[in-house]
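Here is the structure we will look at, set down as structure tokens.
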Amino acid sequence: MGCGASKWKDPGVVRRGRPRSVGEVVVFLPGLRVPRTVDFSQSLADHLDKSTVERLSALRATVVAMAMQESAMALKPRRRTTRHGGSGTANLLQALEEYLPVLLGLVKESSGLRNKVQFVWANQEDDAEETSMADAWYEVLSVLHLMAMVCFLQANSLLLPRSYGDGHGPRVSEESRRATVDVFLKAGGYLDCAINQVLPQIPPEKRRALPVDLVEGNLKALSLQGLGQGVDMQLGLAIDNPKATLAVKRRLACEMVKYWQQIKDSIPELPLSDGWAKKHTLFVKWKYAEAKAAAYYFHGLILDEGNTEKSQEMATSSLQASEEFLKESKRASEVFHSTPPTSRISTPFGTTKHLLDMIPQETLSKLQNNQDLNTQERTSNTGVSRIITPPPPLPDFPLALNPEEYELPQLDPLLKKEANH
């Protein structure tokens, strides 16, 4: 391992903890990167008080144990969910939050401890099974990434249907959807902090040795994914609200398209031979197509309110585009769920359910009312004309949703005293 950075890969061995199948997936996360055990006493005994080393060791040991347990349970096919996303994830997040202020004592410039410990973490999307690096900033980066992925795991749990004993069957409640938006923004805060405050601290040669899980493009894509799925929840709530106007729904759908376009632009080239990385790419393809289906659908409904022949033609082409993107998203969803580790399609709700229910019938109805438009192509299955006019451009709206601001915590008082000493 040495004093720098290293990766370990055994092509003949199946990765530890890599599941063959997972449960229902609404929010994508590439498993959980798990820290490997390190011996602080061997590296820090000559530099820190014994009680401080023991405290640092105990906090990290708790994180290791909880992360291993939660990683094994995280995406089980029959994982039980609770109203608030699971106590295990909440406990792991708390353990990480307690470890971070103590860990930051190792990166304080005056301490001289930054490169004393070789930190090892198991990867999920990188070709290498593990990445080892003698840099405490690598540990901080890994901790922030894990905190964000724990939030994604909580969000996925919140968005799985559950029974409420009221005779209406399992469903995703409005309360859960609203809570999930806050969880997504919290995850985005952790990831933005990793990008803006931690990555710049790592020298270029070490940044090149980071696993693909932690490269800037992937961190940014995951942060944007949280925002995109947060807007998806907002759109679903607007759809269920009879007071929400078409203009509000279209704006949210168009914002969702912009988020997923930015994700496509940010995500790095992932090793497609790997299950999690391939699923990640397919998830982006699925959700981007679904976002465009929503945007063109609501855009078409607004254009349909116009009285001119031109607006009616654009409405028809927009609705047709929404139908084609919906078909594309369904195909991408099927490929995503069938790609190892295989996953199950959750019961549609919110935006997805509305699109599946409304787009086919709205498009068919519109085509039946516009038989006399110019360029037509007969279809044998419906007997109505299919317009091949390209859809009009979507409106461009500024993005309104931003990550929750997160700053690295203050240095633990005991470590601050030790570092100064």
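Just one residue in the set D39, D49 is of a type outside the set (V, I, T), at pLDDT below 95 and out of contact with any helix residue (DSSP H, G or I) (no Cβ under 7 Å at 6 or more places or on another chain); that residue is D39.
Of the residues that make up segment 293-316, is at least one surrounded by 22 or more Cβ atoms within 10 Å (Cβ to Cβ) and in contact with a strand residue (DSSP E or B) (Cβ under 7 Å, 6 or more places away or on another chain)? Taking every residue of segment 293-316 in turn, at least one turns out to be surrounded by 22 or more Cβ atoms within 10 Å (Cβ to Cβ) and in contact with a strand residue (DSSP E or B) (Cβ under 7 Å, 6 or more places away or on another chain). For segment 168-177, the criterion of being more than 22 Å from K287 (Cα to Cα), at pLDDT below 95 and in contact with a Lys or Arg (Cβ under 7 Å, 6 or more places away or on another chain) is satisfied by at least one residue.
Restricting L199, L219 to residues that are assigned to a helix (DSSP H, G or I), within 25 Å of M256 (Cβ to Cβ) and either touching a helix residue (DSSP H, G or I) at 6+ places or on another chain (Cβ under 9 Å) or open to solvent by less than 20 Å² (accessible area, probe 1.4 Å) (or both) narrows the list to L219. For segment 335-348, the set of residues classified as more than 13 Å from E290 (Cβ to Cβ) and either open to solvent by less than 60 Å² (accessible area, probe 1.4 Å) or out of contact with any helix residue (DSSP H, G or I) (no Cβ under 9 Å at 6 or more places or on another chain) (or both) consists of H337, S338, T339, P341, T342, S343, S346, listed by residue number.
Filtering segment 271-290 to residues that are over 15 Å from the mean Cα position of the chain (by Cα), surrounded by fewer than 23 Cβ atoms within 10 Å (Cβ to Cβ) and not hydroxyl-bearing (S, T, Y) leaves P271, L272, D274, G275, A289. Residues that are within 15 Å of V38 (Cα to Cα), out of contact with any Pro (no Cβ under 6 Å at 6 or more places or on another chain) and at pLDDT 95 or above are absent from segment 147-160 altogether. Taken over segment 340-359, the criterion of being without any contact (Cβ under 8 Å) to a residue 12 or more places away in the chain and part of a loop (DSSP other than H, G, I, E, B) is satisfied by P348 alone.
The values are calculated or read from the model by the stated rules, or taken from the named source; none is laboratory data. Note that the structure is predicted; figures quoted are calculated from it, not measured. Quick reminder, even Gly has a Cβ in these numbers, built from the backbone with ideal geometry, and neighbours come from all protein chains shown. Ligands, DNA and RNA are excluded from the accessible area calculation, which covers all protein heavy atoms including side chains. Shrake-Rupley method; radii C 1.70, N 1.55, O 1.52, S 1.80 Å.
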